[in-house]
């Protein structure tokens, strides 16, 4: 039974345990890393996905305790093809922390090849990057503004079964328009509030063991309304809530457990997602180039770009939500 949290609450009790497990449609969970009793074991990940009909940009900044990583992938959806790169900095005594506030905070990251600046404001997010010899062959530049829109978000909090001081805190916010420019080599992609969309996916966690994580996501327009999807594998104790949901017109609709059927290791083959008799019946088909799936491989993370087909049925709707050639992507990662 999924438990919706409707009032603000702290993530950690005085003893450091997670007690208010569940999900919320608003950011009600008050996160304070200093209140956790697993100090030194915290990990942080901020992931952005920006897309239009022509291009998709994946950006993930990750502080995983022993090292800090920046992962970037750019997929050309019209010509076909993906280019990606990763920058890793081993951490010693200095820890790079990601912003905890939606409305303020900044991340600056520099190395010999890249300058990255991420800035949070009450109006939205600024993403700016200058990456020399991206993937060893081209230069990458992007300067984007993600304008925040009204609407629901997914907020999930899960402890771990045997030790509730370990936690997994998730926020999925598919409520940004994207404007600006992306340049890769000689190609340039221009985005505006009409054709550009973006989501923000944040996780804060401290875990007793490693996980192989898979998430299917989509962010596109269906019949004049924005549709976003998040179907993910289990992390922690999900008896009170999970990540599975979709958004339509800014409203969140929770989903129960999803059955996934695919061909492990064969990324070019379709993957099937089903729930109930016909509540969810969708197929993810990867884009292929010369018989191989369009993928980006970046230090324990693989992003597969493709399309969705099928439908989602809801009791409160007169007709199903039909997903016909809807842009989507699969993310596989180990953390």
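The numbers here are math on the coordinates, done by the rules we state, and not lab data. The structure displayed is predicted, hence computed values, not measured ones. Quick reminder, even Gly has a Cβ in these numbers, built from the backbone with ideal geometry, and neighbours come from all protein chains shown.
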The chain: most fluctuating residue of 156, 193, 62 per GNM, C-alpha cutoff 10 Å: 193
Difference of contour (0.36 nm per residue) and Cα-Cα distance, residue 239 to residue 285: 13.5 nm
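Could you rank the peptides 172-185, 198-211, 289-302 by their average count of other C-beta atoms within 10 Å per residue, with the highest value first?
Ranked by mean Cβ neighbours within 10 Å, highest first: 172-185, 198-211, 289-302.
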I need the peptides 267-274, 5-12 ranked by packing, meaning the mean over residues of other C-beta atoms within 10 angstrom, with the highest value on top. 267-274, 5-12
Computed from the beta carbon distance with a Förster radius of 56 Å, FRET efficiency for residue 334 and residue 123 to the nearest 0.05 stands at 0.95
Option label - Rg and Dmax of the Cα atoms in Å computed here, alternatives (i) 19.2, 58; (ii) 24.6, 97; (iii) 21.2, 86: (i)
Place a point 7 Å from the Cα of residue 15 in the direction of its beta carbon; the residues of the range 163-183 whose amide N falls under 13 Å from it are 163-166
Going by Cα centres, the range 193-269 and the range 53-108 are how many Å apart? 19 Å
Mind giving me the FRET efficiency for residue 103 and residue 34? R0 is 35 Å, r the Cβ-Cβ distance, nearest 0.05 is fine. 0.95
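From the Cα gyration tensor of the range 287-334, with a ≥ b ≥ c the square roots of its eigenvalues, which class applies: rounded if a/c is under 1.5, or else prolate if a/b is larger than b/c, or else oblate?
Values: a/c = 5.55, a/b = 2.03, b/c = 2.73.
The shape class here is oblate.
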Cα gyration tensor category, rounded, prolate or oblate, for the range 235-335 with a/c compared to 1.5: oblate
Counting pairs of alpha carbon atoms under 8 Å apart in space and at least six apart in sequence, what relative contact order in percent does the range 9-334 give? 14 percent
Simple spin-label estimate for residue 96 and residue 2 in nanometres, 7 Å along Cα-Cβ: 3.4 nm
